[in-house]
Amino acid sequence: MRFYEYESRKIVELAGIPVTQYGFAKTAAEARDAAERIGGPVVIKSQVLVGGRMKAGGVKFADTAEQAERDAAEILELEISGHRPVGVLVDPKAEVEQEYYAAVLWDGRAKRPMMLFSDMGGIDIEEVAEKHPAHVGRGHLSNLHPIPDFRAKEVVSDVGMTGSELNRATPILARLARLQRDHDMTLAEINPLARLSDGSFVALDAHMEMEDEAVGRHKKVLGEIGVELEEPRELYEPSAFERNVKAIDEADHRGVIQGKDHGFEGNIGLVIGAGGGSLTLTDAVRSQGGKPANYAEIGGNPSVAKSKGLAMEVLKKEGVEKIAVMMSIVSNTRVDIVARGVIAACLELGKDPAETIAVFRIPGAWEEEGAKILGKYGIDFNDRSVSMWDAAGTAVQKVQGAS
Amino acid sequence: VSILLNEDFTFIVQGITGREAVNLTRECLDYGSKVVGGVTPGRKGREVHGVPVFDTVAQAVAEHGSPIDGSVVTVPPAFTKDAVVEAIENGIGLIVVVTERIPRRDVAEMVELAGERGARIIGPNCLGVIVPGVCKMGGIGGPAKDAAKAYKPGQVGVMSRSGGMTTEISSTLTAAGLGVSTACSIGGDAIIGSTYAELMPLFEQDEQTEAIVIYTEPGGRMEAELVDWRRESGSKLPIVAFMAGKFMDDEEMQGMSFGHAGTIVEGAEDSATQKIARLEEAGIPVVERIDEIPAAVKQKLGAAA
């Protein structure tokens, strides 16, 4: 789960890390009020979940409250990569002496959280790591023991910092590390972390991502920062197909179906599974010149109604005349149940199953029963002797072969 | 012989009274596995397909009268960490975690504890381990007769991030007359108990295993770790790889997630293209089709002979 900047700043603040006296405004009038309260030059920043807002004109500098109001009005109307802002953040323009970078994220290879710190903040950390490796400090943390301040101190010290800078930056990195663990963040980043002219450190921007699997156990803190759990936080707007498949999936707890069509523009309807099988089959269709209309996953033995629902949604997509029903060998999902589902989908839409199902390749549990049902409707059943690649090739040929 | 399991291997099922666990227990018993107990808190005294159910792992161990080798953990995500820790603290050495959607922090904690206690975790989000004709630990391969059809004893070790593809690949190897020594569904999450590189030393020491097949996906650094291990150890055990999810490299797919939790690409090094290049550079061929795997393995075996 991604957070808007104003939420991330709140999370950081609650963890005891100093932030500016920023304000969040949903309207231009609120932005003016915030600027008046701050009293002085301010920065107005668009609140969207995507990056690139500086380039898109989503960040403006205003010297007066009137200017802040005008800028906010413009930014609130400005779409960034197709996203409308949920508001603007009004931030005092800080007297920055130096910018730093602080982050804590998972190192999957070490299977531990890793602290990252740099005295070259404000820019892309990957670029700093590549060009100025001595300016990036790193340190792993144990998952089992309390997080000690000295580990953070070592990382800050690694980039050559000492004196009061070291002593002020250390607790910030340590608190960020505790925040990452306590709130199940996959990424907890402050960039830039700024040292102001009076020597104090303050988080000028923050980026937080909470692991979706853990959201349920953080309802309290999410409530405190005013996050609506029902509000979608996808990086793109789900399509009608995606919403419909999700609704069908949620209506029935048996098995799982997923469907995506963002980025797919082809005409081969895919009713495929399971996780790894879907990835393999999508590649196999594309590698043989096929253009999938969608991506799908069937798993965990869904009901007839659920399989039917997925097949119907795929068949309702524009330009889709035929579906390819394919899975890797199944041991839990039943072949006969998927067969019943896809045949029922064809019939309900007034289509001939034998014409509509370009290929059916699901070997495994209850395959004899599945083959019998398919046979009644004149559909060939492909068992494990037909490779996933060949099944995908048949689908490509049957759908696109004539064109 | 084989790795991880053998004829005398004993295990329990934690969460044994759940619907999926009841099926899994039946499948394992039918296959000939020694399921010596089950644990579901509050259900002591019941039986699942003749297997006694206990409230605690300690009771199961006491009743068995000697150490128990393994546990299959299939409890809801919120209770998984505790169940795994309970298994570790009761001396169980091999823990297969079936549960999906466990927060990464919980997985990292139990994996670190297992490391300190000398236990091994397979998974989470996996189907388990099978030594064809000997022992099946978990839902891998499905019902005993289906598992027998897809998995015949042989010389190839299989490691896969996808449970279903473990069976698809093994079935292909079986059909080609190569067969499988041990197949391990290692799990699809971003952090897992045993990676390719962590299982390779076991396969390396196994006399039955003459080649390895891995199934992999975009996301994570496990292939880089495997390549590093191979270089550092000097291992000559041939490896053939299959990479799924190449379409995710396309620009229009950026920022989207498909498949497993671990499939999320978090950096350029995680992409399918990068991984394929890295593996091939290390002398690990990456085939484009599952049905090309047996020929690639045979070619490697021929070259080694």
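Things worth noting here:
- Residue count, segment B:9-34 (criterion: surrounded by fewer than 22 Cβ atoms within 10 Å (Cβ to Cβ), free of Cβ contacts under 8 Å to residues at least 40 places away in the same chain and in contact with a strand residue (DSSP E or B) (Cβ under 7 Å, 6 or more places away or on another chain)): 3
- Residues (closer than 19 Å to residue A:316 by Cβ and open to solvent by 10 Å² or more (accessible area, probe 1.4 Å)) located in segment A:341-377: A:344, A:347, A:348, A:349, A:350, A:351, A:352, A:355
- Qualifying residue in segment B:161-173 (condition: more than 17 Å from the chain's Cα centre (by Cα), within 11 Å of another protein chain (Cβ to nearest Cβ) and without any contact (Cβ under 8 Å) to a residue 24 or more places away in the chain): no
- So residue A:297, is it more than 24 Å from residue B:125 (Cα to Cα) and open to solvent by 10 Å² or more (accessible area, probe 1.4 Å): no
- Evaluating residue A:253 against the criteria (1) at the interface with chain B (Cβ under 10 Å from one of its Cβ atoms); (2) out of contact with any strand residue (DSSP E or B) (no Cβ under 8 Å at 6 or more places or on another chain) leaves one unmet condition, (1).
- Identity of the residue in segment A:121-163, among the small types (Gly, Ala, Ser) and part of a helix (DSSP H, G or I), that ends up farthest from the chain's Cα centre (by Cα): A:163
- Strands (runs of 3 or more DSSP E) (entirely within segment A:16-111) containing at least 3 residues that are crowded, with 20+ Cβ neighbours inside 10 Å: A:23-25, A:42-46, A:88-92, A:96-107
- When segment A:212-223 is limited to residues that are free of Cβ contacts under 8 Å to residues at least 60 places away in the same chain and among the charged types (D, E, K, R), the one that is least open to solvent (accessible area, probe 1.4 Å) turns out to be A:213.
- Where strands (runs of 3 or more DSSP E) sit wholly within segment A:170-283, those with at least 2 residues that are farther than 30 Å from residue A:390 by Cβ occupy A:185-196, A:201-203, A:206-210.
- Flag for residue A:303 being free of Cβ contacts under 8 Å to residues at least 12 places away in the same chain, of a type in the set (S, T, N, Q) and either surrounded by fewer than 20 Cβ atoms within 10 Å (Cβ to Cβ) or more than 14 Å from chain B (Cβ to nearest Cβ) (or both): no
- Number of residues in segment B:35-51 that are within 26 Å of the chain's Cα centre (by Cα) and either open to solvent by 40 Å² or more (accessible area, probe 1.4 Å) or β-branched (Val, Ile, Thr) (or both): the value is 7.
- Residues that are among the hydrophobic types (A, V, I, L, M, F, W, C) and assigned to a helix (DSSP H, G or I) were ranked within segment A:374-403; the one that is farthest from the chain's Cα centre (by Cα) is A:374.
- Those residues of segment A:177-206 which are open to solvent by less than 20 Å² (accessible area, probe 1.4 Å) and within 22 Å of residue B:107 (Cα to Cα), in sequence order: A:177, A:179, A:180, A:184, A:185, A:188
The values are calculated or read from the model by the stated rules, or taken from the named source; none is laboratory data. Here the structure is a predicted model, which means the values were calculated and not measured. No Cβ is skipped: glycine too gets one built from the backbone with ideal geometry, and neighbour counts run over all protein chains shown. The protein model used for the area step is the full one, side chains on, heavy atoms only, and it has no ligands, DNA or RNA in it. Shrake-Rupley method; radii C 1.70, N 1.55, O 1.52, S 1.80 Å.
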